[in-house]
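The values are calculated or read from the model by the stated rules, or taken from the named source; none is laboratory data. Being a predicted model, the structure only gives us computed values, none of them experimental. Cβ coordinates were reconstructed from backbone atoms using ideal geometry, including for glycine residues, and neighbour counts include every protein chain displayed.
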Amino acid sequence: MASARARTERVVACPLCGARRLSPVCRAHERLYNLGHQSFAYARCSGCGVVIQSIRPVEADVAAFYPPRYLPYKANPVVRSDTASPARGPHLPLHPGFRRRATAVALRAVASLNAALARRFPDPLPGVLDALYTPPRRGQVLLDFGCGSAAFLDSARARGWETLGVDFLPEIVESVRRAGHRVLLLNDATWDAIPDGSVDLVRLNHVIEHLYAPRETIAQLRRKLRPGGRLHLATPNATSVTFRLLRRHWISLDCPRHIVIFTPRSTRRLLRSAGFGRVECFQEVLTKDVARSLGLLLQRRGWLDTSSAVDLMHRRGLAALLFAPARLAALACAADRFHAVAS
């Protein structure tokens, strides 16, 4: 397996608020694609609360950490879902029939609790996203910034959008172009190629955390929107309870690809500073990030191999057990991910 290696730089001030009070959080290395053990450092800004890479790859070298098998290059759905397969629980010295009955009873009880919790605290996010990505009329322009593949653009086109993609890797741009979409390679000329006031909806699906200059990028995207246009972003949550508990084992740290981990508060401030008048944030209820984070922890301790660690997010029983904590974390604004819709 080839290793990635990058020149590094030290960040002494928060790229969002400029504060220099940075409290160390953890050190980590790339783990998802086995690209080596080069170490990077993370710190929390005392000014705005974001978590940044305080020792990070220089921007010119970071592409080495985006291999062809990088997951967003293969799929990019509109709305998340926690897909699951039947649970495979720990071995117990009990009769198989008894284990099956006991497991079934336990899962029915958990399912009843989860259903009651979902009724009492309904999740508004799926409805918000469905309405957002239904164009009022055909031909409106949707810009998928950091598209990663043609998957989302294909579904948007089927809904009636006129599609435009932007990505920073030439091979991704070429594959999206072959799928019949207009697509641009991100560079200094990109902004001139998109007329100001020409876009109805901008999408940044888990993109902003990868940006070295998020303030400048959001300001440029704001200029491309028509009056009344909207921007939607989804991103990991620096106030996540999973992150606070697991630190470097948190799956959404995604070292070293995630440069800045935002909070809802810092995201509102960023979007309003770019000229958006209304910003709404929604916590995302999902269990797979917790499951994958636990898998990383167990893998590091030698209790699981790589495939078994990844497989945790597909275990139906584990997903059921994690739903209630995930819903409560969302209610406490401490979910693993959140979304912001700005207009």
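Any idea which residue in segment 283-338 is modelled with the highest pLDDT, counting only those that are surrounded by fewer than 16 Cβ atoms within 10 Å (Cβ to Cβ), of a type outside the set (A, V, I, L, M, F, W, C) and closer than 20 Å to residue 115 by Cα? This residue is 325.
Looking at 11, 25, 50, which is the one that is of a type in the set (Val, Ile, Thr) and more than 18 Å from residue 237 (Cα to Cα)?
On the way: 25 fails: more than 18 Å from residue 237 (Cα to Cα); 50 fails: more than 18 Å from residue 237 (Cα to Cα).
Selected residue: 11, the only one of 11, 25, 50 that is of a type in the set (Val, Ile, Thr) and more than 18 Å from residue 237 (Cα to Cα).
Scan segment 148-162 and give yes if some residue there is in contact (Cβ under 8 Å) with a residue 60 or more places away in the chain, outside any helix (DSSP H, G or I) and within 23 Å of residue 72 (Cα to Cα), otherwise no. Yes, segment 148-162 contains at least one residue that is in contact (Cβ under 8 Å) with a residue 60 or more places away in the chain, outside any helix (DSSP H, G or I) and within 23 Å of residue 72 (Cα to Cα).
Table: residues versus (1) touching a Leu at 6+ places or on another chain (Cβ under 9 Å); (2) more than 30 Å from residue 159 (Cα to Cα); (3) modelled with pLDDT under 85; (4) not aromatic (Phe, Trp, Tyr).
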| residue | (1), (2), (3), (4) |
| --- | --- |
| 57 | no, yes, no, yes |
| 72 | no, no, yes, yes |
| 77 | no, no, yes, yes |
| 83 | no, no, yes, yes |
| 86 | no, yes, yes, yes |
| 90 | no, yes, yes, yes |
| 93 | no, yes, yes, yes |
| 131 | no, no, no, yes |
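Identify the residue in segment 297-343 that is outside any helix (DSSP H, G or I) and in contact with a Gly (Cβ under 9 Å, 6 or more places away or on another chain) and, among all such residues, is nearest to residue 282 (Cα to Cα). First the steps, then the outcome.
To start, the set of residues in segment 297-343 that are outside any helix (DSSP H, G or I) comprises 301-305, 315, 332-343.
Still in the list and also in contact with a Gly (Cβ under 9 Å, 6 or more places away or on another chain): 304, 315, 342-343.
Values: 304: 34, 315: 26, 342: 12, 343: 15 Å.
Among those residues, the one meeting the criterion is 342.
Within segment 286-311, residues that are under 27 Å from residue 234 (Cβ atoms) reach partners that are among the acidic types (Asp, Glu) with beta carbons closer than 8 Å, at six or more positions or on different chains, in the pairs 286/82; 286/336; 287/82; 288/82; 289/336; 290/336; 295/311; 299/305.
Filtering segment 262-277 for residues that are surrounded by 21 or more Cβ atoms within 10 Å (Cβ to Cβ) and outside any helix (DSSP H, G or I) leaves a non-empty set. Every listed requirement among (1) of a type in the set (Val, Ile, Thr); (2) over 18 Å from the mean Cα position of the chain (by Cα); (3) surrounded by 12 or more Cβ atoms within 10 Å (Cβ to Cβ) is met by residue 134 save one, (3). Looking only at segment 44-55, filter to residues that are in contact with a strand residue (DSSP E or B) (Cβ under 7 Å, 6 or more places away or on another chain) and either surrounded by fewer than 20 Cβ atoms within 10 Å (Cβ to Cβ) or at pLDDT below 95 (or both); which one of those is nearest to residue 250 (Cα to Cα)? Checked segment 44-55; the qualifying residue nearest to residue 250 (Cα to Cα) is 55.
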